[in-house]
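Attaching a single structure in structure tokens format; questions to follow.
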Amino acid sequence: MSERLLVVVDDDEAFAKTLKRSFERREYEVVVAPDAEALRALLDERTPGFAVVDLKLAGASGLVCVEMLHEHDPDTLIVVLTGFASIATAVEAIKLGACHYLAKPANTDDIENAFGRSSGDTSVPLTGRPTSIKTLEWERIHEVLVETDFNISEAARRLGMHRRTLARKLEKRPVK
């Protein structure tokens, strides 16, 4: 394993390039993989010590990449980034081997701190924040999207709504 090798798995070219430059300034060697196939090819050659994985990759789930990285080397510190965090995807990411789960926007400091916090923190306050109906709806939608590997038609069927209704909801608040 290369101590300072970091792989960024993200299909947003501009974001990946910015993250790459920022981590290179911190003396990481950074490789960008836009999808699972590129990650698989990289893992055939190298073993990263760190990984930043976007949850939504061109219609696919970044959770596949989390699982692939963890199976390749369980010591790789994996941080999952997402534009809309949900309890369901956070739980799955951690179960599959991620050490942390961050909502975008997250900067290099946030990500590097997450690498350093690979164990749990029992001092995190348990807040009694009330959950709105809208938040519960989004969490359920994301849970079903994860279950269906982001297949909108199947998710809509399981949620009991028309596919176009779900697509409109996702346009208003895209899953990234």
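The values are calculated or read from the model by the stated rules, or taken from the named source; none is laboratory data. Since we're looking at a predicted model, the values are computed, not measured. Counting neighbours? That spans all protein chains shown, and the Cβs are built from the backbone with ideal geometry, glycine included.
Would you please name the residue that is modelled with the lowest pLDDT, looking only at residues in segment 155-175 that are surrounded by fewer than 16 Cβ atoms within 10 Å (Cβ to Cβ) and not in a helix (DSSP H, G or I)?
It comes out as Pro174.
Also: Say whether the condition of being closer than 20 Å to Arg21 by Cα and of a type in the set (D, E, K, R) is met by at least one residue in segment 64-73.
Our first condition is that a residue be closer than 20 Å to Arg21 by Cα; within segment 64-73, this holds for none.
Scanning segment 64-73 turns up no residue that is closer than 20 Å to Arg21 by Cα and of a type in the set (D, E, K, R).
Here is a list of conditions, (1) surrounded by 20 or more Cβ atoms within 10 Å (Cβ to Cβ); (2) of a type outside the set (Gly, Ala, Ser); (3) within 11 Å of the chain's Cα centre (by Cα), and Val64 meets all of them except one; can you say which number that is?
(1)
Suppose the filter is modelled with pLDDT under 75 and under 29 Å from Glu13 (Cβ atoms); does Pro125 pass it?
Working: modelled with pLDDT under 75: yes; under 29 Å from Glu13 (Cβ atoms): no.
Taking the combined requirement at face value, the residue does not satisfy it.
Going by the structure shown, is Ala103 hydrophobic (A, V, I, L, M, F, W, C), over 19 Å from Tyr28 (Cα atoms), at pLDDT 80 or above and touching a Gly at 6+ places or on another chain (Cβ under 8 Å)? Show your work before the answer.
On the way: hydrophobic (A, V, I, L, M, F, W, C): yes; over 19 Å from Tyr28 (Cα atoms): yes; at pLDDT 80 or above: yes; touching a Gly at 6+ places or on another chain (Cβ under 8 Å): yes.
The answer is yes for Ala103.
Does Thr76 fit the bill of being of a type in the set (Ser, Thr, Tyr) and either at positive phi or crowded, with 20+ Cβ neighbours inside 10 Å (or both)? Break it down into steps so the answer makes sense when it comes.
On the way: of a type in the set (Ser, Thr, Tyr): yes; either at positive phi or crowded, with 20+ Cβ neighbours inside 10 Å (or both): yes.
Against the criterion (of a type in the set (Ser, Thr, Tyr) and either at positive phi or crowded, with 20+ Cβ neighbours inside 10 Å (or both)), Thr76 qualifies.
Also, I was wondering about something else. Take the conditions in contact with a Ser or Thr (Cβ under 7 Å, 6 or more places away or on another chain) and of a type outside the set (S, T, N, Q) and apply them to Phe23. Does it pass? Let's see the steps before the verdict.
Working: in contact with a Ser or Thr (Cβ under 7 Å, 6 or more places away or on another chain): yes; of a type outside the set (S, T, N, Q): yes.
Judged against the criteria, Phe23 is a match.
Sticking with this one: Among the residues of segment 19-40, are any touching a residue at least 60 places away in the same chain (Cβ under 8 Å), surrounded by 15 or more Cβ atoms within 10 Å (Cβ to Cβ) and not aromatic (Phe, Trp, Tyr)? Show your work before the answer.
Our first condition is that a residue be touching a residue at least 60 places away in the same chain (Cβ under 8 Å); within segment 19-40, this holds for 19, 22-23, 26.
The next check asks that each one be surrounded by 15 or more Cβ atoms within 10 Å (Cβ to Cβ); those that pass are 19, 22-23.
With not aromatic (Phe, Trp, Tyr) added as a condition, the list becomes 19, 22.
Looking through segment 19-40, at least one residue is touching a residue at least 60 places away in the same chain (Cβ under 8 Å), surrounded by 15 or more Cβ atoms within 10 Å (Cβ to Cβ) and not aromatic (Phe, Trp, Tyr).
Next question, about the same structure. I want to confirm something. Restricting to segment 146-162 and keeping residues that are aliphatic (A, V, I, L, M) and without any contact (Cβ under 8 Å) to a residue 24 or more places away in the chain, which single residue is farthest from Leu57 (Cα to Cα)?
From segment 146-162, those aliphatic (A, V, I, L, M) are 146, 152, 155-156, 159, 161; that's our starting set.
If we keep only those that are without any contact (Cβ under 8 Å) to a residue 24 or more places away in the chain as well, we get 152, 155-156, 159, 161.
Numbers: Ile152: 14, Ala155: 17, Ala156: 20, Leu159: 23, Met161: 24 Å.
Across segment 146-162, the extreme among qualifying residues is Met161.
Can you name the residue in segment 90-109 that is surrounded by fewer than 16 Cβ atoms within 10 Å (Cβ to Cβ) and over 23 Å from Glu147 (Cβ atoms) and is also nearest to the chain's Cα centre (by Cα) among such residues?
The extreme case among them is Pro105.
Answer yes or no: is there a residue in segment 87-94 that is under 25 Å from Ser22 (Cα atoms), touching a Phe, Trp or Tyr at 6+ places or on another chain (Cβ under 8 Å) and at pLDDT below 75.
The answer is no; no qualifying residue exists.
Look through Ala90, Ala60 and report the one residue that is in the same structural domain as Ala16 (by TED's automatic domain parsing) and without any contact (Cβ under 8 Å) to a residue 24 or more places away in the chain. Steps first, please.
Numbers: Ala60 fails: without any contact (Cβ under 8 Å) to a residue 24 or more places away in the chain.
After applying the criteria, what remains is Ala90.
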